[in-house]
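Here is the structure we will look at, set down as structure tokens.
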Amino acid sequence: MIIDSHVHFWKFDPVRDAWITEDMTTIRKDFLPEDFSLYLKEKSTEGCIAVQADQSDEETTFLINLAKENSFIKGVVGWIDLTSEKLEESLQNYQSEKLIKGFRHIAEGEEIGFLLQKNVLNGIATLHQYGYTFDILLRQNQLSDAVKLSEKLPDQPFILDHCGKPDLKTNDLKDWKSNISELAKNSNIYCKVSGLLTQGNWDTIDEKSIFKVLDFIFSQFGIKHTVFGSDWPVMLLGGNYALWLELITKYLTQFSKEEQQLFFAGNAVEFYNL
């Protein structure tokens, strides 16, 4: 069984989705559950987590409705204004929506230090009070923020998206490794093995570099705190779903069948309380 922990859905809007630039023609269109359902039949993927791609309450509602209409969407990581005075009121309202498992802010687009601002920290702490997880999305050069965040909120369940976005174009991973090692010391932090196809050259798949990243991730987080994800459809910029699954399956042959099942589904079920 495979549960993909990181899938996006959207109805493409060139203004709202301005981050999808002209050189990303592959994904400048709608991506909806019926498009992803093709992989369910072909690749033994039984379900997924829908993750926000736009920072609005409307986005969260959009994903909740998709999940209600498509049973293979097992949970939603939405967006919420962490600094709002009405945060608790919003979280109370979401308590009846059992498909909401956690929230994410696109912190990779913010200045370094954003997640460490007092009002943001208070917001993330409030998520924990209501039983919600938080996805950490940062680039390699911002990862020290994740370390400090985990130190300030050690009991909050965090999951690091896309292995912390290691720079596979330069392969200068010294600081990345240092921060990953620190993060992995916290047992409440998981790591999504996702999004690596777009961290290097989009025209070629550097299996050797990707496997070196995986070697380090698994040496630090271990098989029980790593989670399979694709980052579909963004990952289509650097490959395709079948290729990514084949690459990961090849790497995982060193683990037992039971360990592989934890990685491909069990850990996601535990972290997101599916």
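Would you confirm whether or not region 175-192 contains a residue that is of a type in the set (A, V, I, L, M) and farther than 13 Å from GLN140 by Cβ? Scanning region 175-192 turns up at least one residue that is of a type in the set (A, V, I, L, M) and farther than 13 Å from GLN140 by Cβ. Exactly one residue out of ALA67, ALA107, ALA50, ALA18 is more than 29 Å from GLN261 (Cα to Cα) and under 19 Å from the mean Cα position of the chain (by Cα): that is ALA107.
Total residues in region 224-258 satisfying the condition of being surrounded by 18 or more Cβ atoms within 10 Å (Cβ to Cβ) and assigned to a helix (DSSP H, G or I): the figure is 10. Screening region 136-157 for residues that are in a helix (DSSP H, G or I) and either crowded, with 20+ Cβ neighbours inside 10 Å or acidic (Asp, Glu) (or both) and picking the one that is farthest from the chain's Cα centre (by Cα) gives GLU151.
Entry remark, region 18-54: residues being hydroxyl-bearing (Ser, Thr, Tyr) and touching a strand residue (DSSP E or B) at 6+ places or on another chain (Cβ under 9 Å) number 3 in total.
When residues in region 64-97 are screened for being basic (Lys, Arg) and touching a strand residue (DSSP E or B) at 6+ places or on another chain (Cβ under 9 Å), 1 of them pass. Looking at this structure, is GLU34 surrounded by fewer than 20 Cβ atoms within 10 Å (Cβ to Cβ) and in a helix (DSSP H, G or I)? Considered against the rule, which asks whether it is surrounded by fewer than 20 Cβ atoms within 10 Å (Cβ to Cβ) and in a helix (DSSP H, G or I), GLU34 comes out as yes. Listed by first and then second residue, the pairs with beta-carbon distance under 6 Å, at least 6 apart or on different chains, first residue in region 160-174 and touching a residue at least 12 places away in the same chain (Cβ under 8 Å), second hydroxyl-bearing (Ser, Thr, Tyr) and surrounded by 24 or more Cβ atoms within 10 Å (Cβ to Cβ), are HIS162/SER194. Could you check, for region 122-135, whether at least one of its residues is among the aromatic types (Phe, Trp, Tyr) and in a helix (DSSP H, G or I)? No, region 122-135 has no match at all.
Of all residues in region 186-201, those that are assigned to a loop (DSSP other than H, G, I, E, B), on the phi < 0 side of the Ramachandran plot and surrounded by 16 or more Cβ atoms within 10 Å (Cβ to Cβ) total 5. ASN65 fulfils the conditions (1) more than 30 Å from GLN117 (Cβ to Cβ); (2) surrounded by 14 or more Cβ atoms within 10 Å (Cβ to Cβ) except for a single criterion, (2).
Does THR126 meet the test of being under 17 Å from ASN188 (Cβ atoms), among the β-branched types (Val, Ile, Thr) and touching a strand residue (DSSP E or B) at 6+ places or on another chain (Cβ under 7 Å)? Taking the combined requirement at face value, the residue does not satisfy it. Against the numbered list (1) over 20 Å from the mean Cα position of the chain (by Cα); (2) buried (at least 19 other Cβ atoms within 10 Å of the Cβ), GLY75 comes up short only at (1).
Residues in region 3-31 that are of a type in the set (S, T, N, Q) and surrounded by fewer than 16 Cβ atoms within 10 Å (Cβ to Cβ): THR21, THR25, THR26. Of all the residues in region 158-185, those that are assigned to a helix (DSSP H, G or I) and in contact with a Pro (Cβ under 6 Å, 6 or more places away or on another chain) number 1.
Read-outs: derived from the displayed coordinates by stated rules, not from any lab. Please read all numbers here as calculations on a predicted model, not as lab measurements. Glycine gets a Cβ as well: all are built from the backbone with ideal geometry, and neighbour counts include every protein chain shown.
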